[in-house]
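Colleague: Sharing a structure below in C-alpha cells format, with a few things to ask.
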Amino acid sequence: MSDLTFADLGMPADLLAAVENLGFTTPTAIQQQAIPVLLGGSDIIGVAQTGTGKTAAFGLPCWPRSTPTSASSRRSSSPPRASSRSR
C-alpha cells in the first residue's frame, strides 16, 4: 500500500481542506490513479470494486470546475433556505 495522501494528489487547497475536514487522509487506489489525471483535464475510464471510493475519485476533480469563483456568483448561487414552519 502506498503512503500517498490527498495532499499529494494536486488538489486545490480549498478542496483538500474540505476532504481533510471530513476525516479523509489516505486515498484509495482508484483515487490515487484517477484524481491527478482528471485534475489535469484528461478523460479516464476506471474500474474498481464497490466501496473503493469511485464516486470521490471521479467527483472530487469536477468540484473546482463547477464552483463559482467570484464573491457575487457565490452569493447568487446559494440554495434557497428550507422553511422551518411546521404544518
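Each row is one residue, and each column tells you yes or no for (1) out of contact with any strand residue (DSSP E or B) (no Cβ under 6 Å at 6 or more places or on another chain); (2) over 17 Å from L4 (Cβ atoms); (3) in a loop (DSSP other than H, G, I, E, B).
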position	(1), (2), (3)
L15	yes, no, no
A18	yes, yes, no
P27	yes, no, yes
I35	yes, no, no
S42	yes, yes, yes
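Colleague: So is R65 part of a loop (DSSP other than H, G, I, E, B), loosely packed, with under 13 Cβ neighbours inside 10 Å and at pLDDT below 90 or not?
Modeller: Considered against the rule, which asks whether it is part of a loop (DSSP other than H, G, I, E, B), loosely packed, with under 13 Cβ neighbours inside 10 Å and at pLDDT below 90, R65 comes out as no.
The values are calculated or read from the model by the stated rules, or taken from the named source; none is laboratory data. This one's a predicted model, so the numbers in the text were calculated from it and none came from an experiment. In this analysis, Cβ positions are derived from the backbone assuming ideal geometry, glycine residues included, and neighbour counts consider all displayed protein chains.
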